[in-house]
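Working notes for the structure below.
The values are calculated or read from the model by the stated rules, or taken from the named source; none is laboratory data. Remember, it's a predicted structure, so these values are computed and weren't measured experimentally. Ideal geometry is used to build each Cβ from the backbone, glycine not excepted, and the neighbour counts take in all protein chains shown. Heavy atoms of the whole protein, side chains included, go into the accessibility calculation; ligands, DNA and RNA do not. Shrake-Rupley method; radii C 1.70, N 1.55, O 1.52, S 1.80 Å.
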Amino acid sequence: MDSALLVHRLHFAFTVTFHYLFPQLTMGLAPLIVVLKTLGLRSNDETYHQAARFWARIFGINFVLGVVTGIPMEFQFGTNWSHFSRFAGGVIGQTLAMEGMFAFFLESAFLGLFLYGEKRLSPRSHWWSAVAVFLGSWLSGFFIVATDAWMQHPVGYFKAADGSVQLSSFWALVLNPWAWWQYAHNMSGAVITGAFVMASVGAFYLLWGKFVAYGRIFVRVGVVAGLIFSVLQLFPTGDGQGVLIAHNQPVTLAAMEGLFTGQPGAPVVLIGQPNVDQRKIDNPVQIPNALSFLTYRAWKADVRGLNSFPEDQWPSNIALLYFSYHIMVGLGTLFIAIAVVAAFLLWRGKLFSSHWMLWILLLALPFPYIANTAGWITAELGRQPWLVFGLMRTADGYSKMVSAGNGMFTLLGFMGMYTVLGILFLFLVRREIEQGPEAETASAH
């Protein structure tokens, strides 16, 4: 691989991975804040309103860091990936512009109203501002996912005389079936992050012995939401996404599963290490016929392996793709197990006194971030060697005039700057958690 291409890919991978640490929590917290506000309105219990204010402050910190780290990525399209921008800008410019002009402004405007306008609004109007923040954040997520989905499964375009692609149907772009399945899968993953973060903070309060009333609310809401969306992440969203990959990117499916040789009744590998040189899985633990059934709903269906495709169409890093996919699936299964046990204890009225389970919820906090990152690595590595699947190879999309040295210089600069931002974020969130949900009330008195 050309050294400049490698640096540009690493550059964008770093910035987008760091950036997505923040939107996944804002998109995950948004519906949970609406739930807290709804419970507060129905019960007329100020505790729920105070809980919603607390998480809105956490939301605000994430939102600001998400904006700061997200803006450079759009500039990278023009600086590091100018050939891609020239080729596909006529299509993806539509969704990126709509995300900035509509969704972002809707979310940011009503977030300010929710955080600072409560005393000027009626309780029901304040509830509607929370709903608007939720809609804005999820609409923003849709336009970004629709952009990526077009790169995975191009629709609604035509080739212009200059070689670029232009949009022929806006509705084909936003109704792309790949976009809707990918969006559903992505957003359920975001809510899992929000739910486990909320449950983890609640578990911390219960184990600490402070803000216990809020800790109970956070654990209860987080566990219930975590259970619902962990199941949805598996089925139907994960299953639907997998079926799309099987039918539209079969070479990606083969690499994800480490299936080097196609066969009827293909197995699912639970544990094993891909040996690309020898075209096999080392030390495999498999479920026979399971891959055939999951992809084609027939136990003996023929699943094409990597040997069915020219090597220049294989994903560029099969081992990383394989491990990323299996980490995502493994952690998703773990989330279901944790949520089921916690929900059972909650139903029995024993969760808040079960310190062992509270410790599990507390220590589970980083794993949804790892799972979401692994999922996006799977999606983006799986599309390789294509930048736009079937239309433009990654090697043809980067800026040929930006050298590897220039790219590395800016990458190191971004790494230093983002390290500072990460430390600032941890400091601000730690301070909010230590002060607790009652901090605002205490300062008012």
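Before moving on, here are some points about what is shown:
- So Glu380, is it surrounded by 16 or more Cβ atoms within 10 Å (Cβ to Cβ) and within 30 Å of Phe158 (Cα to Cα): yes
- Test result for Lys119, farther than 30 Å from Ser164 by Cα, open to solvent by less than 30 Å² (accessible area, probe 1.4 Å) and among the charged types (D, E, K, R): no
- For Phe260: the one exception among (1) farther than 24 Å from Gln313 by Cα; (2) assigned to a loop (DSSP other than H, G, I, E, B): (1)
- Screening Gln94 with (1) polar (S, T, N, Q); (2) closer than 27 Å to Phe211 by Cβ; (3) open to solvent by 30 Å² or more (accessible area, probe 1.4 Å) gives one miss only, at (2).
- A Cβ distance below 6 Å, combined with a sequence gap of six or more or placement on separate chains, defines the contacts here; from the stretch 89-109, residues that are more than 19 Å from Val68 (Cα to Cα) reach residues that are open to solvent by less than 30 Å² (accessible area, probe 1.4 Å) and β-branched (Val, Ile, Thr) in the pairs Val91/Val165; Ile92/Thr147; Thr95/Thr147.
- Within the stretch 218-249, being more than 20 Å from the chain's Cα centre (by Cα), open to solvent by less than 60 Å² (accessible area, probe 1.4 Å) and closer than 17 Å to Ser354 by Cβ holds for Phe218, Val219.
- Count - residues of the stretch 157-174 that are open to solvent by less than 70 Å² (accessible area, probe 1.4 Å) and not in a helix (DSSP H, G or I): 7
- Members of the stretch 97-115 that are more than 14 Å from Phe63 (Cβ to Cβ) and open to solvent by 60 Å² or more (accessible area, probe 1.4 Å): Met101, Phe102
- Flag if Ser125 is assigned to a helix (DSSP H, G or I) and open to solvent by less than 10 Å² (accessible area, probe 1.4 Å): no
- Hits in the stretch 309-331 - residues which are of a type in the set (Gly, Ala, Ser) and surrounded by fewer than 22 Cβ atoms within 10 Å (Cβ to Cβ): Ser316, Ala319, Gly330
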